[in-house]
Amino acid sequence: MEQRLGLEASIAIAEVVCRCDVDIVAAYPITPQTHVVEHLSELVADGELDAAFVPVESEHSAMSVCCGTAAVGARTFTSTAAQGLALMHEILFIASALRLPIVMAVANRSLSGPISIWNDHSDVMTERDVGWVQIFAENAQEAADLTIWSFRLAEDRRVSLPVMVNFDGFILTHTIEPMLMPDKEMVQAFLPPWEPLLKLDVDEPISMGPVGIPDIYTETKQVQQHLLTQAYGPIVETLNEFAQHFKRTYKPIETYRSDDAEVLLCTMGALSETAMEVVDRRRKQGQKVGLVRIRLWRPFPFEDLYRAVGNVPVLGVMDRAISFGGPVGPVASEIKAAFYHREQRPKIVEFIAGLGGRDVPLSDFGRMFDSLYTTGETGKIPAPTIIGLRE
Amino acid sequence: MKNQHINPVEPYLRMDRMPHIWCPGCGIGIVVNCFVRALNQSGIDPDLVSIISGIGCTGRIAGYLKLDSFHTTHGRPIPFATGLKVARPELKVLVFSGEGDLVSIGGNHLIHAARRNSDIKVFCVNNFTYAMTGGQVGPTAPIHSIATTTPYGSYDRPFNLPFLADSTGAVYVARWTTYHVRQLTRSMVEAINKPGFCFVEIIAPCPTIYQRRNRLGDGLEAMRYYKRYSRVINGANTRMVGLELKGPIIVGKFIDRDRSTLLEAMNEEFSSKLGARYQPYPTGVVR
């Protein structure tokens, strides 16, 4: 059974985490993640969620507690943002290397300095290489659904890796949206109790996290790379099972009116929905524009991307972060690399938009589409552009 | 009548940043007032003062004072201040931050700076909650106090901050409330002029979050409470000054002792081992 409710994405995530019957929530407050954890603490205090809520002294401790609880087989959830995610950095590698299936909701926010509490993707882009499965939600429904799915995937014994659900700070965390909230029976029918692949157990002692001397370090890294890449199969499989169970379909790469498109724009996260509105308006005016929306960021779904882009001659990529002194847009640089060896590859135009909470209105997407058409007509690829920059 | 200031603290404030973000009845503005008066009384050249703060409501002080200031990330003002002091020993390096910043996420820095007697002064505004993020339970929240993450009351034992600072080695430890403006100002002067790690806890009301959730009334009610329930016991055993919800508040100057600062200790050790070969590092300390 599902109930139609108006909920903030934050509250929606907390509610589904409760229905997933987690054992432990360990977290430290940081804007804009706070409502997730506050609501979970209420659910625990009200006896609706039989779990231990651990209000730790920092995010470094939060992720360390999560590693400890997951290591003994407790279903573990946390949530953070920005500086908090950065402070967890060291432990994120440990969680993935030890194959601890922690689920974490990241309320995407910009990194200091200057101090900014507002939304962009600089936090998650900085944690690109930590070995976690990383997925993006575009609205409250997706944030809740993907959180349920994350536990299922993380605990899949073929995977046994931590999962990060990214949902945009304020745009989603603090916005009330209509959504369908499944009940506990429905969630638990999809999410069986966790049977850990490995756990600390006095009867069968193992050691987690010891030294990897040069003789074996390389092999462990190869295994990690192999596991995360191979997680793609179980990801698609479990997303399909989710679709059968909940009647909502999610794919590693989503598209919007892309089939006959002359130009495509690649987006991630909540701003994709603004972009869809612009696509509809342009289509009404006769311009065949479309979207490619990256949902699964790690493992990167190369084949899905190639299929989604097809033979379109011009592809724009909107980044919400900057790789300073490097290739400018982190997502764009990956997409360029993905197409490098392809015979059929589009001209790729880079846009940076929505840094530190800067609004990206419909008109900005309009400018991006205009630039893509100009690129198509002239054949000249413009330098990476920061949209909405005040000069 | 040109250049007449409305308030004597105004020359020390960045008036272009006003209005400030603090709520009506918040105690942090009083702390700023006391500090500016203390700075005047201490006779220190404001050009030789640096203000370091962390994240949170109190952290905003660094942005509002017209002095060299640095607004660090959450929990890091103390190590930043130690670095600044070591590199420029002639400066007075003052840390303003809240208990959520200094004692939880930055707690490790606090105890080690006290242990090493880093020559910095820490003014810790304790309002018992993470106010800026909406009122989650913090490291000094009294048992049974309500926070957004402890909806039926906190069950974790809170830190007794004067005892923490005392036991880890601070050379000056005091506690006042924002009602005790003259005593607080005097303690700030003493701390500013004293070499070594000085720690002043300032109990301050947070009417919007802490007071409201715990049915403790507004900012004025907090002042009445501080007036009625504070007991001045200078030299009190810090072990005995822990706070309870709606309990008495023991205030006063608890600790005032002398020992070598971080840089003095380094000079003493190296001089004793290396003798005349060692060129002492400037400490900024006049004894």
- Task: For region B:117-132, state whether one or more residues are touching a residue at least 24 places away in the same chain (Cβ under 8 Å), assigned to a strand (DSSP E or B) and polar (S, T, N, Q).
- Result: yes
- Message: Restricting to region B:166-185, and then to whatever is assigned to a helix (DSSP H, G or I) and touching a residue at least 12 places away in the same chain (Cβ under 8 Å), can you tell me which residue is nearest to the other protein chains (Cβ to nearest Cβ)?
- Response: B:Thr168
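Somewhere in region A:101-120, is a residue part of a helix (DSSP H, G or I) and not polar (S, T, N, Q)? Before the answer, list the steps.
Of region A:101-120, the ones part of a helix (DSSP H, G or I) are none.
So far as region A:101-120 goes, no, none of its residues is part of a helix (DSSP H, G or I) and not polar (S, T, N, Q).
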- Which members of region A:319-357 meet the condition of being crowded, with 16+ Cβ neighbours inside 10 Å, outside any helix (DSSP H, G or I) and small (Gly, Ala, Ser)? A:Ala321, A:Ser323, A:Gly329, A:Ala353, A:Gly354
- Query: Within the group B:Phe163, B:Phe159, which residue is within 17 Å of the chain's Cα centre (by Cα) and either among the charged types (D, E, K, R) or within 14 Å of chain A (Cβ to nearest Cβ) (or both)?
  - Reply: B:Phe159
- Would you mind finding the one in A:Val187, A:Val159 that is touching a helix residue (DSSP H, G or I) at 6+ places or on another chain (Cβ under 8 Å) and either without any contact (Cβ under 8 Å) to a residue 12 or more places away in the chain or more than 18 Å from A:Asp23 (Cα to Cα) (or both)? A:Val159
- Of these, A:Gly212, A:Gly233, which one is of a type in the set (Gly, Ala, Ser) and touching a Ser or Thr at 6+ places or on another chain (Cβ under 6 Å)? A:Gly212
- For region B:148-165, which residues satisfy the criterion of being closer than 14 Å to B:Glu244 by Cα and either outside any helix (DSSP H, G or I) or free of Cβ contacts under 8 Å to residues at least 24 places away in the same chain (or both)? B:Gly153, B:Ser154, B:Tyr155, B:Asp156, B:Arg157, B:Pro158, B:Phe159, B:Asn160
- Odd one out for A:Leu5, checked against (1) of a type outside the set (Ser, Thr, Tyr); (2) farther than 30 Å from A:His226 by Cβ; (3) within 14 Å of chain B (Cβ to nearest Cβ): (3)
- Query: Tell me, which residue of region A:53-68 that is surrounded by 24 or more Cβ atoms within 10 Å (Cβ to Cβ) and of a type outside the set (A, V, I, L, M, F, W, C) is nearest to A:His35 (Cα to Cα)?
  - Reply: A:Pro55
- Item | Positions within region B:159-188 being touching a strand residue (DSSP E or B) at 6+ places or on another chain (Cβ under 8 Å) and among the aliphatic types (A, V, I, L, M), in sequence order | B:Leu161, B:Ala165, B:Ala170, B:Val171, B:Val173, B:Ala174, B:Leu184, B:Met188
- Which is in the same structural domain as A:Phe190 (by TED's automatic domain parsing) and either touching a residue at least 12 places away in the same chain (Cβ under 8 Å) or out of contact with any His (no Cβ under 6 Å at 6 or more places or on another chain) (or both), of A:Glu237, A:Glu303, A:Glu277? A:Glu237
- Item | Subset tally (residues that are closer than 18 Å to B:Thr208 by Cα and surrounded by fewer than 20 Cβ atoms within 10 Å (Cβ to Cβ)) for region B:24-41 | 3
- Under 7 Å between Cβ atoms, at least 6 apart or on separate chains: pull out the pairs that start in region B:59-84 with a residue that is away from every other protein chain (no Cβ under 13 Å) and end on any residue that is of a type in the set (S, T, N, Q) and not in a strand (DSSP E or B). B:Thr82/B:Ser118
- Message: Can you find, within region B:104-131, the residue that is farthest from the other protein chains (Cβ to nearest Cβ) among those that are crowded, with 23+ Cβ neighbours inside 10 Å and aliphatic (A, V, I, L, M)?
- Response: B:Ile120
- Task: Take B:Ser145 and decide whether it is within 12 Å of chain A (Cβ to nearest Cβ), surrounded by fewer than 24 Cβ atoms within 10 Å (Cβ to Cβ) and part of a loop (DSSP other than H, G, I, E, B).
- Result: no
- Could you check A:Ser272 against (1) touching a Pro at 6+ places or on another chain (Cβ under 9 Å); (2) buried (at least 21 other Cβ atoms within 10 Å of the Cβ); (3) part of a helix (DSSP H, G or I) and say which number it fails? (1)
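One line per residue, one yes/no per condition, for (1) touching a strand residue (DSSP E or B) at 6+ places or on another chain (Cβ under 9 Å); (2) farther than 20 Å from A:Asp145 by Cα:
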| residue | (1), (2) |
| --- | --- |
| A:Ala261 | yes, yes |
| A:Gly269 | yes, no |
| A:Met276 | yes, yes |
| A:Gln285 | no, yes |
| A:Lys288 | yes, yes |
| A:Asn311 | no, yes |
| A:Leu315 | yes, yes |
- Test B:Cys34 against the criterion of being modelled with pLDDT of 95 or more and either in contact with a Pro (Cβ under 9 Å, 6 or more places away or on another chain) or not in a helix (DSSP H, G or I) (or both), and give yes or no. no
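Quick one: is A:Ser61 small (Gly, Ala, Ser), part of a helix (DSSP H, G or I) and either without any contact (Cβ under 8 Å) to a residue 40 or more places away in the chain or at the interface with chain B (Cβ under 10 Å from one of its Cβ atoms) (or both)?
Numbers: small (Gly, Ala, Ser): yes; part of a helix (DSSP H, G or I): yes; either without any contact (Cβ under 8 Å) to a residue 40 or more places away in the chain or at the interface with chain B (Cβ under 10 Å from one of its Cβ atoms) (or both): yes.
Here the answer is yes, as A:Ser61 does meet what is asked.
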- Within region B:254-287, can you find the residues that are part of a loop (DSSP other than H, G, I, E, B) and of a type in the set (Val, Ile, Thr)? B:Thr261, B:Thr283, B:Val285, B:Val286
- Within region A:22-52, considering residues that are closer than 23 Å to A:Trp149 by Cα and part of a loop (DSSP other than H, G, I, E, B), the one farthest from the other protein chains (Cβ to nearest Cβ): A:Asp23
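The values are calculated or read from the model by the stated rules, or taken from the named source; none is laboratory data. The shown structure was predicted, so the numbers you read here are calculated from the model rather than taken from an experiment. A quick note on method: Cβ atoms are made from the backbone with ideal geometry, for glycine too, and the neighbour counts reach across all protein chains shown.
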